Amino acid sequence: MEHPENDIAYEGLEVKAGIAQPPTVNPYLGRNRFRRNEMSVAEMVEGIAKGDITVLSQAVTLVESTNPDHYAKAQEVIEKCLPLSGKSVRIGISGVPGAGKSTSIDKFGVHLLDNYGGKLAVLAIDPSSEFGKGSILGDKTRMETLVQRRDAFIRPSPSAGSLGGVARKTRETVLLCEAAGYDKIFIETVGVGQSETACQSMVDFFLVIQLSGAGDELQGIKRGIMKMADGIVINKCDGDNVEACNLSAIQLRGALHFFPAPESGWTRKVLTYSGLNGTGIKEIFEMIFSYIDFVKANGHFDIRRRRQNNYWMKETIDSAILGDFYRRMEIRLNQAEESVWNGQMTPFTAAHSLLDEYYKLIK
């Protein structure tokens, strides 16, 4: 390439470097300028006790964090909030995808607050992708009315691969919400079908939302989720679908007779409603609070909660041991995976070999 500035005709002239372009980001704006002041445990507990939504949200984020440095602080916050918890009615809501859970919760929440008062926390669990590991967390978009209420707190969380349809930290989040004064709590699960044990083990009333015309309603007999339900409701009972919903309700009531009576002594009910029109919702909450009064009177309410505490103690132990195993055996695990991948070792032999090494390490 020719450079005319080097021509003899321009001898004596000097080519300047030019004017430096300004940076696209203001250099005077450092990261520390935007860094949020970290709250102490005492400040966080005080804010939660006052019902400060911002502080409650930060506490939930702390509890959900996978950072090991956050674990100790999160547990301290939970321990200090524990005396303030336990005074709510916890309602689990599940159903197949497309049953209208989020839309129904919007209607349920507004009805509950308008007719029973108090404060409502909605913990909506969104399924995480098995491939990208991400979650849309879009449940709020389907709770258009409830999200505008000052007496409602809606917290979407990713399931992050947890079995049982709820996030692993949901149980602790419930305690924080109760400490913040929320006396009614909805837990919406991902609706995985037969693995709702975790949700059922943290709520006082487990509500299952069904659809009519989605197949043989008597197939409900085979579903473990039906055995755990305290009440079943059939959504979209409106327009031309009313007759089909009523027929489904009759079939489900008949199917429930094949189940053994629940330990609580409660007779499960099957109701129909329309999440679109809001009809039938009054009867649903009459059923729920009748159940709460019934189990409180016969003592099953306290028994169920004590069993739930024991269940989550064991779940925490299982989770801690599993986490410790993967931390200690990470390198050896990679080697074993390669051996299994290449067909040099069966999965079962590899698993037992890893466990034997792990047991030797912890002795």
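The values are calculated or read from the model by the stated rules, or taken from the named source; none is laboratory data. None of the values given here were measured: they were computed from a predicted structure. Virtual Cβ from ideal backbone geometry, glycine too; neighbours counted across all protein chains shown.
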- Message: What's the number of the only condition in (1) surrounded by 15 or more Cβ atoms within 10 Å (Cβ to Cβ); (2) in a helix (DSSP H, G or I); (3) modelled with pLDDT of 90 or more that Ala255 fails to meet?
- Response: (3)
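A quick yes/no check of all residues on (1) among the β-branched types (Val, Ile, Thr); (2) at positive phi; (3) in contact (Cβ under 8 Å) with a residue 12 or more places away in the chain:
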| site | (1), (2), (3) |
| --- | --- |
| Arg304 | no, no, yes |
| Gln308 | no, no, yes |
| Tyr311 | no, no, yes |
| Thr316 | yes, no, no |
| Ile321 | yes, no, no |
| Glu330 | no, no, no |
| Ala336 | no, no, yes |
| Trp341 | no, no, no |
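Quick check on Phe325: is it outside the structural domain of Asp240 (by TED's automatic domain parsing), in a helix (DSSP H, G or I) and either surrounded by 17 or more Cβ atoms within 10 Å (Cβ to Cβ) or touching a helix residue (DSSP H, G or I) at 6+ places or on another chain (Cβ under 8 Å) (or both)?
It is true that Phe325 is outside the structural domain of Asp240 (by TED's automatic domain parsing), in a helix (DSSP H, G or I) and either surrounded by 17 or more Cβ atoms within 10 Å (Cβ to Cβ) or touching a helix residue (DSSP H, G or I) at 6+ places or on another chain (Cβ under 8 Å) (or both).
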- Task: Could you tell me whether any residue of region 64-74 is at pLDDT 90 or above and basic (Lys, Arg)?
- Result: yes
- Query: Which pairs have Cβ atoms under 9 Å, sit 6 or more apart or on different chains, and link a residue in region 268-291 that is at positive phi to one that is in a loop (DSSP other than H, G, I, E, B) and buried (at least 16 other Cβ atoms within 10 Å of the Cβ)?
  - Reply: Gly280/Cys237; Gly280/Tyr273; Gly280/Ser274
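Going by what's in this entry, would Ile125 be described as of a type in the set (A, V, I, L, M), at pLDDT below 85, assigned to a strand (DSSP E or B) and under 30 Å from Ser264 (Cβ atoms)?
Answer is yes for this residue.
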- Message: Could you check region 259-313 and list, in sequence order, the residues that are in a helix (DSSP H, G or I) and among the β-branched types (Val, Ile, Thr)?
- Response: Ile281, Ile284, Ile288, Ile292, Val295, Ile303
- Message: So, in region 225-252, how many residues would count as being crowded, with 20+ Cβ neighbours inside 10 Å and among the polar types (S, T, N, Q)?
- Response: 2
- Somewhere in region 235-245, is a residue among the aliphatic types (A, V, I, L, M) and part of a helix (DSSP H, G or I)? yes
- Query: Hey, any hits in region 342-361 for a residue that's surrounded by fewer than 16 Cβ atoms within 10 Å (Cβ to Cβ), more than 21 Å from Val208 (Cβ to Cβ) and among the aromatic types (Phe, Trp, Tyr)?
  - Reply: yes
- Task: Could you pull out the residue among Asp324, Asp356 that is among the charged types (D, E, K, R) and either closer than 21 Å to Lys169 by Cβ or in contact with a Leu (Cβ under 9 Å, 6 or more places away or on another chain) (or both)?
- Result: Asp324
- Note on the structure: Within region 285-322, of all residues that are of a type in the set (Asp, Glu) and surrounded by fewer than 15 Cβ atoms within 10 Å (Cβ to Cβ), the one farthest from Phe205 (Cα to Cα) is Asp318
- Message: Checking the condition within 27 Å of the chain's Cα centre (by Cα) and among the small types (Gly, Ala, Ser), which residue from Gly299, Gly278, Gly265 passes?
- Response: Gly278
- Message: It is to be established whether one or more residues within region 214-232 are modelled with pLDDT under 65 and in contact with a Pro (Cβ under 8 Å, 6 or more places away or on another chain).
- Response: no
- Task: May I ask you to list the residues in region 95-119 that are farther than 21 Å from Ser212 by Cβ, in a loop (DSSP other than H, G, I, E, B) and of a type in the set (Gly, Ala, Ser)?
- Result: Gly117, Gly118
